[in-house]
Amino acid sequence: MFCPRCGAEMKPEQRYCMKCGALNYEHPDNQKMKTYITPEEFDQANKDYNDASKHEVETVEFAGRTYETKTKKKKGYIDARSAVLLLLIITILLGLLAYFWLNYSITFILAICVIYFIISFYVIVSSLIYMKGGYSGFVPIVPFYSQYAYYDIAVGNGWKFLFLFIPIFGFFYGMYANYRLGKVFNKNGWLTLFFPIIMLPIIALSDKAVYQGKGKQYTKFVASEKRRNVQLPAFVYSIIFFLIFVGLSYTPLASSGKQYFYIFDVKLLVNQVNQNIIDGFYLCEDPSADKNGCYVKFSNASDLTDYPFIPIRSSLNGKKLQGYIKAVRKKEDYTYYVSITDGENGFQNKNVNNLTIQSLDKVNKIKLSKDAPLYKKS
């Protein structure tokens, strides 16, 4: 059974609702209270609990009577969360593709996925706002008409987007439209104007952000009693950007990115080694060799990190990094030189502070003298 006041689920043995305190009139100790309920109160209860905006339960029992409720969502409701969930799934697929097919490093994959998700997310957010305003989710990509639709939603007249072409005035009117966008969705207009990165997702994803403007298209949308399909636009936008990102993997931009993240991963590795030396996790087997250099040798860079199960590999060919890091002590600080390769590309005795894409050489194998002093785990 359900609470007659708030719609929360109740057990028959409860005397009152634990959520709002309403009496359970079916409980034996409350039977006498039925006599104090007037027919007018029954009628009011029936009216209240048929209002779908107050709860989403199917039936409500009130003093021995069962009241059916309508569970339809509010007008203008769209299932925004499913669009974001779909985007998240495709983002994960992009990451798996970059890992198993393109052989990128973990850091490069994370960067790609974050950038892809952010771009696709805000395009989908824009699509959701248009759908809440009664338009198709594909309107944002239609030149000029998207501006017409935006002004119809925000200020109630789509043709006012032409004000944008008036010098100076158009700029300020555009700001006013952005302010109005927040207001028509019952949000703070100033926050929407100055912090759109935060407010637009709130407007798009919040069920409470229901359109309350005077848009002509929204009136037609409500009258038709149709529901917008949010999954289709979200899927199309996600796939479009997915294909764009995959296509970029064969361009010079991707080559530069792979080289940059090769250096980025090497520097992260050196930072990890530096912290381990400072913490005393590594000790040089010949302390007197500190000033000339002591070496951390590795056949797999992942073994030097706190998370060896996460592979550190080359973003150029997906192979593991191997070689050594030379630490030269100068008073309390250390200078590091790296000799690292992925079997094809790397650095030979280069100062980690001077690593650049131009300093990346063809290095097939790294050799270290057998007499070189090594760092040992403490």
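Observations on the structure shown:
- Each part gets one Cα centre, and for segment 346-368 versus segment 242-316 those centres are 12 Å apart.
- Nitroxide proxy distance, nm - points 7 Å out along Cα→Cβ at residue 236 and residue 219: 2.7
- Placed amide H near residue 345: partners under 5 Å, 5+ positions off or other chain: 363
- Selection of chymotrypsin sites (Phe, Trp or Tyr not before Pro), segment 69-160, meeting DSSP coil and at most 12 other Cβ within 10 Å: 101, 144
- Put simply, the amide H of residue 284, placed in the peptide plane, has neighbours under 5 Å in 376, leaving out anything fewer than 5 places away on its chain.
- Local electrostatic count at residue 234 - Lys and Arg +1, Asp and Glu -1, tallied over other residues with Cβ under 12 Å: +1
- Of the chymotrypsin sites (Phe, Trp or Tyr not before Pro) found in segment 218-317, the ones in coil according to DSSP and having at most 16 other Cβ atoms within 10 Å of their Cβ are 250, 281, 309.
- Charge dipole (Cα centre; +1 on Lys/Arg Cβ, -1 on Asp/Glu Cβ; no other charges) of segment 80-248 amounts to roughly 560 debye.
- Three-way shape call for segment 217-330 based on the alpha-carbon gyration tensor, with the a/c threshold at 1.5: prolate
- Extension gain, residue 344 to residue 208: 0.36 nm times the residue separation minus the Cα-Cα distance gives 43.3 nm.
- Rounded FRET efficiency, nearest 0.05, which uses the C-beta distance separating residue 260 from residue 144 and R0 of 41 Å: 0.60
- Cleavage-rule hits, trypsin sites (Lys or Arg not before Pro), segment 145-217, DSSP coil, Cβ neighbours within 10 Å at most 16: 208, 214
- Summing Lys and Arg as +1 and Asp and Glu as -1 over all other residues whose Cβ lies under 11 Å from the Cβ of residue 174 gives a net charge of +2.
- Take the Cβ atoms of residue 376 and residue 92, set R0 to 56 Å, and the FRET efficiency comes out at 0.90.
- Residue pairs exceeding 31 angstrom between C-alpha atoms, taken from 320/350; 11/226; 11/187: 11/226; 11/187.
Each value in this text was obtained by applying a stated rule to the coordinates, not by laboratory testing. Quick caveat, the model's predicted, so the values are computed rather than measured. Positions of Cβ are backbone-derived with ideal geometry, glycine not excepted, and every protein chain shown enters the neighbour counts.
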